[in-house]
1. In Å², and per residue, what accessible area does the chain have when probed at 1.4 Å with the other protein chains present?
2. Please give the length that would be gained between ARG67 and ALA173 if that part of the chain were fully extended, namely 0.36 nm times their separation in residues minus their C-alpha to C-alpha distance (nm, one decimal).
3. Starting from the Cα-Cα distance between GLN60 and HIS147, subtract it from 0.36 nm times their residue separation and give me the gain in nm to one decimal.
4. Residue by residue, what Karplus-based ³J(HN,Hα) values in Hz, rounded to whole numbers, does the stretch 173-180 have, using 6.51, -1.76 and 1.60 with θ = phi - 60° and x for Gly and Pro?
5. Calculate one ³J(HN,Hα) per residue across the stretch 81-87 by plugging θ = phi - 60° into the Karplus curve 6.51 cos²θ - 1.76 cosθ + 1.60, and present them in order as whole Hz with x for glycine and proline.
6. For the stretch 127-139, take each phi angle, set θ = phi - 60°, evaluate the Karplus expression 6.51 cos²θ - 1.76 cosθ + 1.60, and give the result in whole Hz per residue in order, putting x for glycine and proline.
7. Could you name the lysines in cross-link range of LYS106, using Cα to Cα under 23 Å and dropping any fewer than eight places away on the same chain?
8. If you stretched the chain out fully between HIS126 and GLU16, how much longer would it get, using 0.36 nm times the residue separation minus the C-alpha to C-alpha distance?
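The values are calculated or read from the model by the stated rules, or taken from the named source; none is laboratory data. Keep in mind that what you see is a predicted model, and the values were worked out from it rather than measured. So basically every Cβ, Gly included, is an ideal-geometry build from the backbone, and we count neighbours across all protein chains shown. For accessibility, only protein heavy atoms count, side chains too; no ligands or nucleic acids. Shrake-Rupley method; radii C 1.70, N 1.55, O 1.52, S 1.80 Å.
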Amino acid sequence: MSRITIAVIVGSLRRESFNRRLAVALARLAPPEAEFKQLEIGDLPLYNQDDDGQQAASVQRLKSEIRAADGVMFVTPEYNRSIPGVLKNAIDHASRPYGQSAFAGKPAGIIGASVGAIGTALAQQHLRNILAYLDMPTLTAPEAFIHAKEGLFDEAGNIGPNSKAFLQGWVDAYLAWVKKHAA
Ligand code: FNR
(Lines give C-alpha, C1' and ligand atoms only; values in the text may rest on other atoms or scores of the structure.)
Protein backbone atom coordinates (compact mmCIF):
# COMPACT_ATOMS: atom_id res chain seq x y z
CA MET A 1 0.00 0.00 0.00
CA SER A 2 1.52 3.33 -1.00
CA ARG A 3 -0.87 5.91 0.46
CA ILE A 4 -2.84 5.42 3.66
CA THR A 5 -5.91 7.39 4.62
CA ILE A 6 -6.91 7.53 8.27
CA ALA A 7 -10.34 8.79 9.30
CA VAL A 8 -10.02 10.55 12.64
CA ILE A 9 -12.99 10.76 14.98
CA VAL A 10 -12.56 13.11 17.94
CA GLY A 11 -14.95 12.52 20.83
CA SER A 12 -15.14 16.16 21.93
CA LEU A 13 -16.93 19.09 20.33
CA ARG A 14 -15.22 21.61 22.62
CA ARG A 15 -13.52 24.46 20.75
CA GLU A 16 -10.25 24.19 22.67
CA SER A 17 -10.43 20.41 23.03
CA PHE A 18 -7.19 18.76 24.14
CA ASN A 19 -8.22 15.72 22.17
CA ARG A 20 -8.68 17.69 18.96
CA ARG A 21 -5.25 19.26 19.50
CA LEU A 22 -3.85 15.80 20.18
CA ALA A 23 -5.36 14.48 16.94
CA VAL A 24 -3.74 17.31 14.97
CA ALA A 25 -0.37 16.83 16.64
CA LEU A 26 -0.41 13.05 16.11
CA ALA A 27 -1.07 13.54 12.39
CA ARG A 28 2.08 15.66 12.23
CA LEU A 29 4.11 12.70 13.51
CA ALA A 30 3.04 10.54 10.56
CA PRO A 31 5.04 10.10 7.35
CA PRO A 32 3.85 11.99 4.24
CA GLU A 33 2.15 8.95 2.68
CA ALA A 34 -0.33 8.86 5.57
CA GLU A 35 -3.22 11.32 5.32
CA PHE A 36 -5.27 12.00 8.46
CA LYS A 37 -8.73 13.43 7.96
CA GLN A 38 -10.80 14.64 10.93
CA LEU A 39 -14.45 13.77 10.46
CA GLU A 40 -17.25 16.11 11.56
CA ILE A 41 -19.63 14.56 14.09
CA GLY A 42 -21.07 17.73 15.62
CA ASP A 43 -23.74 18.14 12.96
CA LEU A 44 -25.24 14.65 13.25
CA PRO A 45 -28.82 14.36 14.51
CA LEU A 46 -29.51 12.26 17.59
CA TYR A 47 -29.69 8.67 16.45
CA ASN A 48 -33.24 7.38 15.95
CA GLN A 49 -33.76 3.92 14.50
CA ASP A 50 -36.89 5.18 12.72
CA ASP A 51 -34.58 7.09 10.38
CA ASP A 52 -32.54 4.06 9.26
CA GLY A 53 -34.35 4.00 5.91
CA GLN A 54 -33.53 7.64 5.17
CA GLN A 55 -30.28 8.53 6.88
CA ALA A 56 -29.55 12.27 7.05
CA ALA A 57 -27.05 13.75 4.60
CA SER A 58 -24.57 14.28 7.45
CA VAL A 59 -24.81 10.60 8.36
CA GLN A 60 -24.32 9.49 4.76
CA ARG A 61 -21.28 11.77 4.54
CA LEU A 62 -19.80 10.29 7.72
CA LYS A 63 -20.33 6.74 6.47
CA SER A 64 -18.78 7.39 3.07
CA GLU A 65 -15.74 9.06 4.68
CA ILE A 66 -15.24 6.05 6.93
CA ARG A 67 -15.68 3.63 4.03
CA ALA A 68 -13.09 5.54 1.98
CA ALA A 69 -10.49 5.32 4.76
CA ASP A 70 -7.99 2.53 5.37
CA GLY A 71 -8.34 2.87 9.15
CA VAL A 72 -10.20 4.78 11.84
CA MET A 73 -8.41 6.53 14.70
CA PHE A 74 -10.52 7.46 17.73
CA VAL A 75 -9.18 10.30 19.89
CA THR A 76 -11.50 10.73 22.81
CA PRO A 77 -11.92 12.24 26.23
CA GLU A 78 -13.49 10.33 29.09
CA TYR A 79 -16.88 11.53 30.30
CA ASN A 80 -18.15 10.05 33.55
CA ARG A 81 -15.88 7.03 33.17
CA SER A 82 -17.05 6.22 29.64
CA ILE A 83 -17.04 7.70 26.15
CA PRO A 84 -18.87 10.98 25.45
CA GLY A 85 -22.41 10.74 24.13
CA VAL A 86 -21.49 12.58 20.94
CA LEU A 87 -19.01 9.84 20.07
CA LYS A 88 -21.46 7.03 20.83
CA ASN A 89 -24.08 8.85 18.74
CA ALA A 90 -21.68 8.99 15.77
CA ILE A 91 -20.74 5.33 16.16
CA ASP A 92 -24.38 4.27 16.35
CA HIS A 93 -25.19 6.22 13.17
CA ALA A 94 -22.30 4.82 11.13
CA SER A 95 -22.98 1.26 12.31
CA ARG A 96 -26.53 1.19 10.97
CA PRO A 97 -28.79 0.03 9.30
CA TYR A 98 -27.99 -3.49 10.46
CA GLY A 99 -25.70 -5.14 7.93
CA GLN A 100 -24.62 -1.80 6.45
CA SER A 101 -22.07 -0.67 9.01
CA ALA A 102 -19.27 1.51 7.67
CA PHE A 103 -16.88 0.18 10.31
CA ALA A 104 -16.65 -3.56 9.65
CA GLY A 105 -13.06 -4.68 9.15
CA LYS A 106 -11.52 -1.21 9.46
CA PRO A 107 -8.37 -1.29 11.61
CA ALA A 108 -8.85 0.99 14.60
CA GLY A 109 -6.62 2.88 16.98
CA ILE A 110 -7.78 4.30 20.31
CA ILE A 111 -6.08 7.12 22.15
CA GLY A 112 -7.29 9.83 24.45
CA ALA A 113 -6.35 12.63 26.79
CA SER A 114 -8.04 13.75 29.97
CA VAL A 115 -7.29 16.12 32.79
CA GLY A 116 -7.74 13.22 35.20
CA ALA A 117 -4.73 11.09 36.09
CA ILE A 118 -6.12 7.89 34.53
CA GLY A 119 -5.94 9.51 31.09
CA THR A 120 -9.18 8.06 29.62
CA ALA A 121 -8.35 4.45 30.52
CA LEU A 122 -11.94 3.55 31.35
CA ALA A 123 -13.39 5.32 28.32
CA GLN A 124 -10.92 3.47 26.11
CA GLN A 125 -11.88 0.14 27.65
CA HIS A 126 -15.57 0.80 26.95
CA LEU A 127 -14.73 1.83 23.40
CA ARG A 128 -12.84 -1.45 22.91
CA ASN A 129 -16.03 -3.37 23.74
CA ILE A 130 -17.96 -1.39 21.14
CA LEU A 131 -15.34 -1.78 18.42
CA ALA A 132 -15.11 -5.53 19.05
CA TYR A 133 -18.83 -5.81 18.39
CA LEU A 134 -18.38 -3.71 15.23
CA ASP A 135 -15.75 -6.19 13.96
CA MET A 136 -12.91 -3.68 13.97
CA PRO A 137 -9.42 -5.08 14.56
CA THR A 138 -8.13 -2.69 17.24
CA LEU A 139 -4.51 -2.04 18.16
CA THR A 140 -3.94 -3.36 21.68
CA ALA A 141 -0.32 -2.34 22.32
CA PRO A 142 1.06 0.12 23.02
CA GLU A 143 -1.79 1.65 25.00
CA ALA A 144 -1.79 5.43 25.28
CA PHE A 145 -3.52 7.07 28.23
CA ILE A 146 -2.57 10.71 27.98
CA HIS A 147 -2.69 13.09 30.90
CA ALA A 148 -3.52 16.53 29.51
CA LYS A 149 -1.14 18.74 31.44
CA GLU A 150 1.31 21.57 30.95
CA GLY A 151 3.92 20.69 28.32
CA LEU A 152 1.90 18.08 26.42
CA PHE A 153 2.03 20.47 23.44
CA ASP A 154 4.68 22.97 22.49
CA GLU A 155 3.85 26.52 21.37
CA ALA A 156 3.39 25.42 17.76
CA GLY A 157 0.87 22.74 18.75
CA ASN A 158 3.25 19.86 18.25
CA ILE A 159 3.73 17.15 20.86
CA GLY A 160 6.07 18.47 23.54
CA PRO A 161 9.51 16.94 24.15
CA ASN A 162 8.52 14.76 27.14
CA SER A 163 5.85 12.82 25.25
CA LYS A 164 7.18 12.95 21.70
CA ALA A 165 9.11 9.67 21.56
CA PHE A 166 6.28 7.73 23.20
CA LEU A 167 3.61 9.15 20.92
CA GLN A 168 5.80 8.73 17.83
CA GLY A 169 5.99 5.06 18.78
CA TRP A 170 2.21 4.89 19.11
CA VAL A 171 1.63 6.49 15.68
CA ASP A 172 4.18 4.18 14.05
CA ALA A 173 2.57 1.13 15.68
CA TYR A 174 -0.91 2.20 14.59
CA LEU A 175 0.11 2.82 10.97
CA ALA A 176 1.84 -0.58 10.87
CA TRP A 177 -1.39 -2.09 12.24
CA VAL A 178 -3.41 -0.43 9.48
CA LYS A 179 -1.02 -1.68 6.79
CA LYS A 180 -1.28 -5.18 8.20
CA HIS A 181 -5.08 -5.23 8.30
CA ALA A 182 -6.22 -3.00 5.43
CA ALA A 183 -7.69 -4.91 2.52
C1 FNR B 1 -15.23 15.13 32.34
N2 FNR B 1 -13.87 14.92 32.62
C3 FNR B 1 -13.45 13.66 33.02
N4 FNR B 1 -12.09 13.35 33.09
C5 FNR B 1 -11.71 12.10 33.41
O6 FNR B 1 -10.50 11.83 33.45
N7 FNR B 1 -12.64 11.12 33.69
C8 FNR B 1 -13.97 11.35 33.65
O9 FNR B 1 -14.76 10.46 33.89
C10 FNR B 1 -14.40 12.66 33.33
N11 FNR B 1 -15.74 12.96 33.23
C12 FNR B 1 -16.15 14.14 32.67
C13 FNR B 1 -17.52 14.32 32.38
C14 FNR B 1 -17.93 15.46 31.71
C15 FNR B 1 -19.38 15.61 31.32
C16 FNR B 1 -16.98 16.46 31.38
C17 FNR B 1 -17.43 17.71 30.63
C18 FNR B 1 -15.66 16.30 31.69
C19 FNR B 1 -12.88 15.99 32.41
C20 FNR B 1 -12.28 15.91 31.02
O21 FNR B 1 -11.10 15.12 31.10
C22 FNR B 1 -11.90 17.31 30.51
O23 FNR B 1 -13.08 18.10 30.46
C24 FNR B 1 -11.23 17.27 29.18
O25 FNR B 1 -10.71 18.54 28.88
C26 FNR B 1 -12.18 16.82 28.07
O27 FNR B 1 -11.49 16.64 26.85
P28 FNR B 1 -11.42 17.78 25.72
O29 FNR B 1 -12.80 18.33 25.51
O30 FNR B 1 -10.46 18.81 26.22
O31 FNR B 1 -10.88 17.05 24.52
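1. On the way: 9110 Å² over 183 residues.
Normalised by residue count, the accessible surface of the chain is 50 Å².
2. On the way: separation 106, 0.36 × 106 = 38.16 nm, distance 2.18 nm.
Here the answer is 36.0 nm.
3. Details: separation 87, 0.36 × 87 = 31.32 nm, distance 3.41 nm.
Roughly 27.9 nm would be gained on extension.
4. Using θ = phi - 60°, the values come out as 5, 5, 5, 5, 4, 5, 4, 5 Hz.
5. So the J values, rounded to whole Hz, are 6, 8, 8, x, x, 5, 6.
6. 5, 4, 4, 5, 5, 5, 5, 7, 6, 9, x, 10, 3
7. LYS106 reaches LYS37, LYS63, LYS88, LYS179, LYS180.
8. Values: separation 110, 0.36 × 110 = 39.60 nm, distance 2.44 nm.
Between HIS126 and GLU16, full extension yields an extra 37.2 nm.
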